[in-house]
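Notes for the one structure printed next.
A short reminder: the numbers here are calculations on the coordinates, not readings from a lab. Nothing here was measured: the structure is a model prediction, and the numbers come from that model. Here the Cβ is made from the backbone with ideal geometry for all residues, glycine too, and neighbour counts use every protein chain on show.
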Amino acid sequence: MATIRVPEVVPSPPEDSEKLMKAFEGLGTDEKAIIRVLGQRNASQRKKIKETFQQIYKKSLIDCLDSELSGDFGRAVILWAYDPSERDARLANKALKSRRKNITELQVLVEIACASSPHHLAAVRQAYCALFERSLEEDIISNVSLPVQKVLVRLVSSYRYDKEAVDSSIANMEAVILHDAIRTKNLDDDDLVWILSIRNIFQLRATFQCYKDNYGKSIDEVQLFITVFDNSLSLCFVLILSTWKILFTGH
Ligand SMILES: [Ca+2]
């Protein structure tokens, strides 16, 4: 679903709405037709289709998808039809309400908090309140135990500066804090959590570069080292680091 190819000439929202309605008609559902429409439009085009569908048929597109589709495919397509902020708010809620509640279930929260633009993260928090009548932070506090709870609340509450601006003396200083926390296995350290939750990706990349220059360990090696601690907080940090590694390197 990440590779969406929008055709050069995009049909109008009424045309797309009509194709979707046809796909729903009769017994069963034309799933391929649904993919051809929703899978080949960007988020703002899907938003227009949703509004137009509602105007023409006086029905919610999401309700129609919900009643026509089932299973993983259905759930994936329905998530696709939401606005990105609403989709992420629903995914975050699902992760928090999951009965399993292990740390990998919470990966979606780490990704939303660490890989989104600050604007998107703010929109997700707003959508979360509107949908669930509680804040995302409140639900983290009532569903996740300490110390992971503290890290997640800090991460989702942050609004990182999104332009490229790096202070190399801060990077050096914070590489020392990072190294001390890892060396003493004290990932609950307030300074460490603070660095991870307020610094932007450019500053963090510089910090990890200093870490490598000063201590000879890459972010991969840091990750491996932390994994060995084998507790929920270390797994949470591994998720954070792997999300950033993708942002640092593009893969
Ligand atoms: Ca049908």
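Placing +1 on the Cβ of every Lys and Arg and -1 on the Cβ of every Asp and Glu, with nothing else charged, gives the chain a dipole about its Cα centre of roughly 360 debye. With axes computed from alpha carbons, what is the tilt in degrees of helix 13-24 against the longest principal axis of the chain, rounded to the nearest 10 within 0 to 90? Result, in degrees: 80. With contributions of -39500 (n - 2.57) from each DSSP H run of at least four residues, the per-residue ellipticity at 222 nm computed over the chain stands at -22000 deg cm²/dmol. Placing a pseudo-label 7 Å from each Cα along the Cα-to-Cβ vector at Arg99 and Asp30 gives an inter-label distance of 4.0 nm.
The fewest-to-most ranking of Val124, Val108, Val9, Val176 by surrounding Cβ atoms within 10 Å reads Val9, Val176, Val108, Val124.
Measure nothing fancy, just the Cα-based angle from helix 118-132's long axis to the longest principal axis of the chain, in degrees from 0 to 90, nearest 10. Roughly 60 degrees, rounded to the nearest 10. Think of each Lys and Arg Cβ as +1 and each Asp and Glu Cβ as -1; about the Cα centre, that makes the dipole of the range 13-81 roughly 280 debye. Scattering from the range 22-90 was approximated by placing one identical point on each alpha carbon and applying the Debye formula without solvent; log10 I(q)/I(0) at 0.18, 0.20, 0.24 1/Å stands at -0.66, -0.82, -1.21.
Toward the positive end of the charge dipole of the chain, with +1 on the Cβ of Lys and Arg and -1 on the Cβ of Asp and Glu, the farthest Cα among Ser17, Ser234, Leu38 is that of Ser17.
With a cut-off of 13 Å between beta carbons, the residues surrounding Ser67 carry a summed charge of -3, where Lys and Arg count +1 and Asp and Glu -1. Farthest toward the positive end of the dipole of the range 122-251, out of Met173, Thr243, Val193, is the Cα of Thr243, where the dipole comes from beta carbon charges about the Cα centre. Using the Cβ of Leu196 as centre and a radius below 15 Å, the other residues enclosed give a net charge of -1, where K and R count +1 and D and E count -1.
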